[in-house]
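One structure is given here, and the rest of the page talks about it.
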Amino acid sequence: MNAFEFKNPTKIIFGEGEIKKLSDNIPANSKVLLAYGGGSIKKNGVYDQVIAATRNFEVTEFSGIEPNPHFETLMKAVELIRNKNIDFILAVGGGSVIDGCKFISAAVYYQGDEWDLVEKGLARKQEKVVPFGTVLTLPATGSEMNSGGVVTKVATQQKRTFGGPQYFPVFSILDPTVIQSLPKRQIANGVVDAFTHVMEQYLTYNHGGIIQDRMAESILQTLVEIGPAVMENPSDQNLAGNLMWSATMALNGFLRLGVPTDWSTHMIAHELTALYDIDHARTLAIIAPNLYKKLFEDKKDKLVQYGKRVWNIQGESDIEVAEKAIEKTIAFFHSLGIDTKLSDYTNNYENTGQIVYDRFKERNWMGLGERQKVGPELAKEIVEMSY
Ligand code: NZQ
Ligand code: ZN
């Protein structure tokens, strides 16, 4: 295991009916921006619970943060906060609303072109930020307990990541009953996103981090076990709670401690959302299996371990176990109703490999992944395998 330091300051408040605890967790006398998405919270009762629990605060609402949140939209919230001297943000939604609020948090006190916070990585250097808490409505991204975000600039079709230790939520409320109103498509997305987050921190090479491997495998197995069941029965509170906690645990920092990580599936996949507006999780399902195939030799030992421990594949040669493990992964995505080819989502895919190549080159992304091998050429080949 490699040396590491770890601090995750986010307070998690888990359980049915816990949204009422907002009143105790938002700092007293705060002027609050209540930020949410397209309105699902008004239909499922979450909005009413939030309003009831924040009645002692001065609350300004900002709605309309879209999936894959737009820089252009978020800047309107930044202006609102600046004009009204708001000093706390409450994000109520899925990863998009929470990520959007992380960006808003960074941008309010930044003087300059706010896109530089993302593109030039300046968010990490921003000293004064607006604190925020969250009420999670979609288990998927782990944004509720991590310090990263992803935003899209529509004007240039760029979807880019940013982060820094200042962007951990102060608290996040995880009430599993909120998922009852999720469309099946979004539950499936959540399962695949969380699954891939684990894989990005697990499917690398043998490193001796026994506890990290076992934790990763337990989350993967839990997702395999409960994912389809939650889709069938989202009102089962125990299943819903386990899905929520799996998704949070998949990307709250624990799995990466002392071990190599990959993240190249995500970085390639973001381009597919930027270009074609495909749901984040679906872009991962398109790229991940082909990336595993392309980097088969590098990842083989771990693929074998994954095949044996997560999928119970036994009694065959290592190569067969590793190959079957990839096939099982694809079949799992399909079983959730998630297509795994780019051409399933768009007819306009032919030039995608070249665009990804150009963008990687432009950003000087020459060596992503656990062995720093994934540069423009490999990214292009992986995308082309995914057509
Ligand atoms: O906008 P509303 O009306 O609320 O509807 C949303 C949205 O249309 C709906 N929804 C959310 N909760 C609901 C609900 N509908 C009914 N009932 C509920 N309880 O679901 C739709 C999708 O929401 P969104 O927030 O976009 O989904 P998700 O949580 O999957 O977030 C995706 C975003 O997070 C980023 C992705 O790239 C993408 O931009 N990610 C963030 C990460 C992070 N911060 O660590 C890591 C991830 O890898 C990911 O990149
Ligand atoms: Zn993801």
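Residue by residue through the range 231-267, note down the ones that are in a loop (DSSP other than H, G, I, E, B) and free of Cβ contacts under 8 Å to residues at least 12 places away in the same chain. Within the range 231-267, Asn233, Asp236 meet the criteria. The set of residues in the range 143-199 that are of a type in the set (Gly, Ala, Ser), buried (at least 24 other Cβ atoms within 10 Å of the Cβ) and within 11 Å of ligand 1 (Cβ to nearest atom) comprises Ser143, Gly149, Ala188, Gly190, Ala194. Restricting attention to the range 309-317, does a residue exist that is more than 24 Å from the chain's Cα centre (by Cα), away from ligand 2 (no atom under 16 Å from the Cβ) and of a type in the set (Asp, Glu)? Yes, there is a match, as at least one residue in the range 309-317 is more than 24 Å from the chain's Cα centre (by Cα), away from ligand 2 (no atom under 16 Å from the Cβ) and of a type in the set (Asp, Glu).
In this entry, Trp263 is excluded by the filter for residues that are within 18 Å of Ile187 (Cα to Cα) and in the same structural domain as Pro376 (by TED's automatic domain parsing). In the set (1) over 30 Å from Glu297 (Cα atoms); (2) in contact with a strand residue (DSSP E or B) (Cβ under 9 Å, 6 or more places away or on another chain); (3) within 16 Å of ligand 2 (Cβ to nearest atom), Thr134 fails one condition alone, (3). Within the range 35-70, being assigned to a loop (DSSP other than H, G, I, E, B) and closer than 20 Å to Lys102 by Cα holds for Gly37, Gly38, Gly39, Ser63, Gly64, Ile65, Glu66, Pro67, Asn68, Pro69. Does Asn364 satisfy the condition of being away from ligand 2 (no atom under 16 Å from the Cβ), polar (S, T, N, Q) and at pLDDT below 95? When the stated conditions are applied, Asn364 does not pass them. Of the residues Leu303, Leu284, the single one that is within 16 Å of ligand 2 (Cβ to nearest atom) and surrounded by 22 or more Cβ atoms within 10 Å (Cβ to Cβ) is Leu284. Of all residues in the range 119-145, count the ones that are within 23 Å of Asp87 (Cβ to Cβ) and either in a helix (DSSP H, G or I) or not aromatic (Phe, Trp, Tyr) (or both). So the count comes out to 17. Looking at the range 71-94 only, could you name the residues that are loosely packed, with under 14 Cβ neighbours inside 10 Å and either part of a loop (DSSP other than H, G, I, E, B) or within 16 Å of ligand 2 (Cβ to nearest atom) (or both)? Asn85 - this is the single residue of the range 71-94 that is loosely packed, with under 14 Cβ neighbours inside 10 Å and either part of a loop (DSSP other than H, G, I, E, B) or within 16 Å of ligand 2 (Cβ to nearest atom) (or both). Within the set Lys11, Lys76, the sole residue that is closer than 16 Å to Glu144 by Cβ, at pLDDT 95 or above and not aliphatic (A, V, I, L, M) turns out to be Lys11.
The values are calculated or read from the model by the stated rules, or taken from the named source; none is laboratory data. Worth saying up front: this structure is predicted, and the values here are computed from it rather than measured. FYI the Cβ positions are ideal-geometry reconstructions off the backbone, even for glycines, and counts take in every protein chain you see.
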